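Visitor: Here it is, the structure in full.
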Amino acid sequence: MNKKNILIAATAVIITLLILVFATDLSNYISYYTSDMERFDAGDKLNLKEEFLSKDYSISTYRTVRPLTMDEYEITHYMFTKEEADEKYKKIVFHDDFFLVNSFQDIDRVKIKKLKSSYIGIYKNVQLLKCQDPSTRNIFKHFVYEINLNKAIISNQDSIAVMPKNYTWADEKLYIDPSQVSKQ
């Protein structure tokens, strides 16, 4: 084998390894861009799809959570000395840096019907983020739309979601499942 063939074979191996390493994200992006999900531009109005107005379950929005820092952990565990809290913090096993959970701000279908409009907010962008399955606590990646939520449609009822132990909100951004919204 000459040097050219070895270089071509090595390049092919490297490309194959890169594809395998990034296969999950790559396949998610391919599925997003080849799916029939509706595309939006920043600033577009989002409406709740008709089929979700008649469902009996709540329509959730999501926020990202992140692990508590050591200082935050010490504050929430004030009954321990600093040294005890530091030792306990070091033993915590965190799932990931951040992931999505229920935001405790559910969309109230009754309020939407009273307003006679399915408008729920303004589209900001699409993101591939880690999510936590509420029943199994497994982490998976999912496309979500970041939105500015219409405050008039937020449910006043307490959500049944639970903040994961030793986590806190990462930011104020709200997200919704793309399958629930449309332009009309």
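The values are calculated or read from the model by the stated rules, or taken from the named source; none is laboratory data. This structure is a prediction, so every number in the text was calculated from the model and none was measured. Positions of Cβ are backbone-derived with ideal geometry, glycine not excepted, and every protein chain shown enters the neighbour counts.
Visitor: Going by what's in this entry, would Ile112 be described as touching a Leu at 6+ places or on another chain (Cβ under 6 Å) and at pLDDT 85 or above?
Guide: Considered against the rule, which asks whether it is touching a Leu at 6+ places or on another chain (Cβ under 6 Å) and at pLDDT 85 or above, Ile112 comes out as no.
Visitor: Identify all residues within segment 143-162 that are modelled with pLDDT of 85 or more and either of a type outside the set (Phe, Trp, Tyr) or surrounded by fewer than 18 Cβ atoms within 10 Å (Cβ to Cβ) (or both); write none if there are none.
Guide: Val144, Glu146, Ile147, Asn148, Leu149, Asn150, Lys151, Ala152, Ile153, Ile154
Visitor: Residues that are of a type outside the set (Asp, Glu), over 20 Å from Met37 (Cα atoms) and at pLDDT 85 or above: does segment 167-179 have at least one?
Guide: yes
Visitor: Which residue is modelled with the lowest pLDDT, if the candidates are limited to segment 119-137 and must be within 12 Å of Leu149 (Cα to Cα) and hydroxyl-bearing (Ser, Thr, Tyr)?
Guide: Across segment 119-137, the extreme among qualifying residues is Tyr119.
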